[in-house]
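Trainee: Pasting a structure here, questions to come.
The values are calculated or read from the model by the stated rules, or taken from the named source; none is laboratory data. Here the structure is a predicted model, which means the values were calculated and not measured. Positions of Cβ are backbone-derived with ideal geometry, glycine not excepted, and every protein chain shown enters the neighbour counts.
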Amino acid sequence: MLNILLRLQKAKNENFKYGTMEYKLKRVGFMVLKKSQIAMESVLIYGLVILVVSLAIGALVYFGVLDLSKFLPDSCNVAGEGLICENFVVKVRPGTGQSGVDENVQLEIRNKVGKNIEGLKAKIIGEEDMANAWGSSCATASGESVENGGLKLLQMGCTLTISSGKKIKGRLDLEYKVVGSAITRTASGTIYTTVAS
């Protein structure tokens, strides 16, 4: 055993002669180590560059310099209950509605409840960073009747605090009764759209 250890120590301390098999093995091993070191350094450098770029983009989005919400599609969704928001528009400059009130928010709601409904009312409430965007009162003035499968235009006069071209979002609350019933049902959803001029 001691003899083997002494031989290993001697081989370690000897200088390998150029051209011998030991020299070639040592040279190949060094090149493999050098290539793996270069590969590892490249991965680390590219990883750090990607991390720095990601942090920079995140900071720009956080501070509002870069607005990615303009790439999201407009949507109006109602969860469950068989009411569908098919079409919608939100304007800054209100037009004159049927009742003579300036109504700048219009929703087309289709009745898929399976029965005729009455007293359909809508209300939009801003949440989180859009809490005051819809104004103090963004709701329909009176309830509407809608036949089963029918489409009804709901109009609201809302005091928007967002300029045209910007995105606005809010919670959409619908309230209605099935014809012949005294129970008021509710359905909630979301509206996310670009404010038109």
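For every residue, the table says whether it meets (1) within 30 Å of ARG185 (Cβ to Cβ); (2) at pLDDT below 90; (3) basic (Lys, Arg); (4) buried (at least 17 other Cβ atoms within 10 Å of the Cβ).
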{"residue": "TYR46", "(1), (2), (3), (4)": "no, no, no, no"}
{"residue": "VAL49", "(1), (2), (3), (4)": "no, no, no, no"}
{"residue": "PRO73", "(1), (2), (3), (4)": "yes, yes, no, no"}
{"residue": "ASN87", "(1), (2), (3), (4)": "yes, no, no, no"}
{"residue": "GLU127", "(1), (2), (3), (4)": "yes, yes, no, no"}
{"residue": "ALA131", "(1), (2), (3), (4)": "yes, yes, no, no"}
{"residue": "ALA139", "(1), (2), (3), (4)": "yes, yes, no, yes"}
{"residue": "SER142", "(1), (2), (3), (4)": "yes, yes, no, no"}
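Trainee: Further, regarding this structure: Cβ-Cβ below 8 Å, separation at least six or inter-chain, first residue in the stretch 54-65 and under 18 Å from ASP129 (Cα atoms), second of a type outside the set (Asp, Glu): which pairs?
Mentor: The qualifying pairs are LEU60/LEU66; VAL61/LEU68.
Trainee: Would you call SER36 modelled with pLDDT under 80, touching a strand residue (DSSP E or B) at 6+ places or on another chain (Cβ under 7 Å) and surrounded by 10 or more Cβ atoms within 10 Å (Cβ to Cβ)? Step through it out loud before you land on a result.
Mentor: Numbers: modelled with pLDDT under 80: yes; touching a strand residue (DSSP E or B) at 6+ places or on another chain (Cβ under 7 Å): no; surrounded by 10 or more Cβ atoms within 10 Å (Cβ to Cβ): yes.
In short, no.
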